[in-house]
């Protein structure tokens with residue numbers, strides 16, 4: 001899904017620049033106007049990746065109001081993607097934490113494993129084994 005989002009955003013930047021029709025846009029500001037279509041596409045993908053990932057090196061200069069407005073929309077899409085995925089990870093973690101310990105062990109190791117088997121496999125000391133028993137119930 002991410003490659004598709006980057007492609008659409010990168011191509012969208014060129015579409016916005018073409019529709020705005022201003023003489024001086026980001027292609028001239030970044031000296032890529034004479035490059036091949038492929039290199040311009042790679043440049044657009046690079047810009048989209050930096051925008052969506054919120055890294056934003058700042059090395060791609062957007063000069064028109066249309067380009068900057070489009071960049072704001074892309075930033076909101078990137079923030080929404082992050083929020084969605086972080087929420088999904090939190091829900092997964094919450095569901096794992098709320099499972100009974102034996103079910104968690106099954107999830108982690110593929111079969112129900114006793115605490116003694118685990119502590120022996122990891123060469124845990126006897127006091128540590130004693131501390132872990134109540135937790136794993």
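Computed from the coordinates by the stated procedures, all read-outs in this text should not be read as laboratory data. Note that this is a predicted model, so its numbers are computed, not measured. Quick reminder, even Gly has a Cβ in these numbers, built from the backbone with ideal geometry, and neighbours come from all protein chains shown.
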(request) Would you calculate the separation in nanometres between label points at residue 72 and residue 2, each defined as 7 Å from the Cα along the Cα-to-beta-carbon direction? (result) 2.7
(request) Report the label-to-label distance for residue 34 and residue 126 in nanometres (one decimal), using points 7 Å from each Cα along the Cα→Cβ vector. (result) 8.1
(message) Run the simple label-point estimate for residue 86 and residue 98 please: 7 Å along Cα→C-beta, distance reported in nm.
(response) 2.1
(message) Assuming 0.36 nm per residue, please report the length gained on full extension of the stretch residue 117 to residue 54 beyond their Cα-Cα distance.
(response) 18.2 nm
(request) Please list the radius of gyration and Dmax for region 1-51, considering alpha-carbon atoms only, with Å as the unit. (result) 10.7, 34
(request) Taking every Cα atom in the chain, find the radius of gyration and the maximum pairwise distance Dmax, and write them in Å. (result) 25.4, 76
(message) Could you order the peptides 117-129, 63-75, 23-35 from most to least packed, using the average number of other C-beta atoms within 10 Å per residue?
(response) 63-75, 23-35, 117-129
(request) Using just the helices of the chain, give the 222 nm mean residue ellipticity in deg cm²/dmol: DSSP H runs with n ≥ 4 each add -39,500 (n - 2.57), and the total is spread over all residues, rounded to 500. (result) -23000 deg cm²/dmol
